[in-house]
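Everything on this sheet refers to the single structure shown next.
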Amino acid sequence: MIARSFLIAAALAAALPATADVNVYSYRQPDLIKPLMDAFTEESGIKVNVAFLNKGLVERLQAEGSRSPADLIFTVDISRLSAVVNAGLTQPVESTALEANIPAQYRDPGNQWFGLTTRARIVYASKDRVADGEVTTYEDLADPKWNGRICVRSGTNAYNVALTSAVIHHHGEEGAKSWLERVKANLARKPQGNDRAQVKAIWAGECDISLGNTYYMGAMLGNEEQKPWADSVRIVFPKFENGGTHVNVSGMALTKAAPNKEEAIKLMEFLASPKAQEIYAADNFEYPIAPGTNSDPLVAGWGSFEADDVNLMTLAGNRPTALRLTEEVDFDG
Ligand code: FE
């Protein structure tokens, strides 16, 4: 009996295709991605294991080398995506589905990384103390009329470095340095805290405008303590004088060592699909990027904007200069 059922089991196992799990290293919060992973498993029968990391993703992949269990990485910010690519830890993916659903400016020209959602870096403006039209460009932030009225987090934070990288693109190194110096001169206090802490400072009357990412508005509105902060401001989408609104991405890449490559690419294609992008974006109040997709109604209600057309790879390339300039002007000092 035992021998017979063993044989049947062995025959069944041979007949079924072995479906491997997909292993993900993620800088994104587990709550954010779990619903989508579950939907993928339901549709494909492929299980997804997510390891959430706070930091050290590049170092971990390097240490694990060719024995790494990770197939995919999820992260935000072009600088983190390009750091993994530049360390030689990814491999290209040729996929017509990814090409169709991810606009060219939001994926690596060599197919090493793919964006899934965007976020804009915008101005939070006091409803009481800032008039409509008082701030419309990033260049405006350097105007002396904002003296003592701006709050911002550290200039070396990845979000601000990416914005400074965009300033370099539009105004050159000297122009960016002067912009940083003049914005610094307008600060109400030394850079400190995160994006939401700046909105809290506006609510408390310490400053009138701040820089922050769009999705924090959604996060604050959903938090009892922070809702009054959110209610004290409105979102303004600044533009560059000769460009659009600064955006950054969340994205994914296939690791060089991916043990379950075929299944991992299926997950990538699933995540890039318009439906999955809309769910992913809505979960974190971000913007989906596939042609024809829509933002969550709350997010859409903040208004529309034209994304700056600077290539994200240009921003990543300007990062070392942006960091150096930020230190040269002692932005946080
Ligand atoms: Fe963030």
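Over the chain, what is the percentage of antiparallel beta bridges among all DSSP beta bridges, to the nearest 5? Bridges in the chain that DSSP calls antiparallel: roughly 65 percent. Once the Cα atoms are used to define both axes, helix 158-185 deviates from the longest principal axis of the chain by about 10 degrees.
Using a cutoff of 8 angstrom between alpha carbon atoms and counting only pairs six or more residues apart, the relative contact order for segment 156-236 works out to 21 percent. In the structure displayed, which of LYS55/LYS266; LYS127/LYS200; LYS177/LYS239; LYS145/LYS184; LYS55/LYS256 lie more than 22 Å apart, Cα to Cα? Those over the limit are LYS55/LYS266. For segment 51-109, the set of trypsin sites (Lys or Arg not before Pro) satisfying both a DSSP loop assignment and a count of at most 11 other C-beta atoms within 10 Å is given as LYS55. Rolled with a 1.4 Å probe across the full set of protein chains, the surface gives LEU271 an accessible area near 10 Å². Of PRO238, GLY172, ALA185, which is farthest towards the positive pole of the chain's charge dipole, taken about the Cα centre with +1 and -1 on the beta-carbons of Lys, Arg and Asp, Glu respectively? Value: ALA185. Loop-located GluC sites (Glu not before Pro) in segment 226-325 (DSSP state other than H, G, I, E, B) with a sparse environment of at most 12 neighbouring Cβ atoms within 10 Å: GLU241, GLU306. Computed extension gain for ALA20 through LYS227, at 0.36 nm per residue and net of the alpha carbon distance, reaches 70.2 nm. Note on ASP128 and ALA51: with the Förster distance fixed at 56 Å, the Cβ-Cβ geometry gives a FRET efficiency of about 0.80.
For segment 162-206, the spherically averaged projection of the C-alpha convex hull amounts to 3.5 nm². For segment 33-183, the alpha carbon convex hull comes to 184 Å³ per residue, rounded to a whole number. Round to a whole number: what % of the accessible area of the chain belongs to carbon and sulfur, probe 1.4 Å? Using a 1.4 Å probe with all protein chains present, the chain comes out at 51 percent carbon and sulfur. Per-residue ellipticity at 222 nm, computed for the chain from helices alone with -39500 (n - 2.57) per DSSP H run of at least four residues, works out to -13000 deg cm²/dmol.
Length, then width, then depth: along the principal axes, the Cα atoms of segment 135-198 run 30, 27, 19 Å. Between the Cα long axis of helix 312-328 and the first principal axis of the chain there is an angle of about 50°, rounded to the nearest 10. Under a Cβ-only charge scheme (Lys and Arg +1, Asp and Glu -1), can you give me the dipole magnitude of segment 130-267 about the Cα centre, in debye to the nearest 20? That gives a dipole near 380 debye. For the chain, a simple Cβ point-charge model (Lys and Arg +1, Asp and Glu -1, everything else neutral) yields a dipole of about 680 debye relative to the Cα centre. On the principal axes of its alpha-carbon atoms, segment 22-118 has extents of 34, 30, 24 Å, going from largest to smallest.
Surface exposure of the chain, expressed per residue as accessible area with a 1.4 Å probe, stands at 45 Å². Using R0 = 41 Å, the C-beta based FRET efficiency linking GLU94 and ALA204 works out to 0.20. So what is log10(I(q)/I(0)) for the chain at q = 0.08, 0.13, 0.14 1/Å, when the Debye sum runs over its Cα atoms only? Evaluating at q = 0.08, 0.13, 0.14 Å⁻¹ gives log10 I(q)/I(0) of -0.41, -0.99, -1.12. When the chain is described by a simple charge dipole with +1 on each Lys and Arg Cβ and -1 on each Asp and Glu Cβ, the residue from VAL299, PHE40, ILE122 located farthest towards its positive end is PHE40.
Note: relative contact order over segment 245-319, using C-alpha pairs below 8 Å and six or more positions apart, is 28 percent. A 1.4 Å probe over all protein chains sorts LYS184, LYS200 by accessible area into LYS200, LYS184, starting with the largest. Distance from the alpha carbon centroid of segment 67-93 to that of segment 115-187 works out to 29 angstrom.
Quick check: from the Cα gyration tensor, does segment 155-288 come out rounded (a/c under 1.5), prolate or oblate? Judged from the Cα gyration tensor, segment 155-288 comes out oblate (a/c at least 1.5, b/c at or above a/b). By definition, a body whose alpha carbon gyration tensor gives a ≥ b ≥ c is oblate when a/c is 1.5 or more and a/b is not larger than b/c, and segment 214-330 fits this oblate description. If R0 equals 51 Å, the separation of the Cβ atoms of LYS190 and GLU42 corresponds to a calculated FRET efficiency of about 0.55.
The values are calculated or read from the model by the stated rules, or taken from the named source; none is laboratory data. The model shown is predicted, which means the values in this text are computed figures rather than measured ones. For neighbour counting, all protein chains shown are included, and Cβ atoms are generated from backbone atoms with ideal geometry for every residue, glycine included. The protein model used for the area step is the full one, side chains on, heavy atoms only, and it has no ligands, DNA or RNA in it. Shrake-Rupley method; radii C 1.70, N 1.55, O 1.52, S 1.80 Å.
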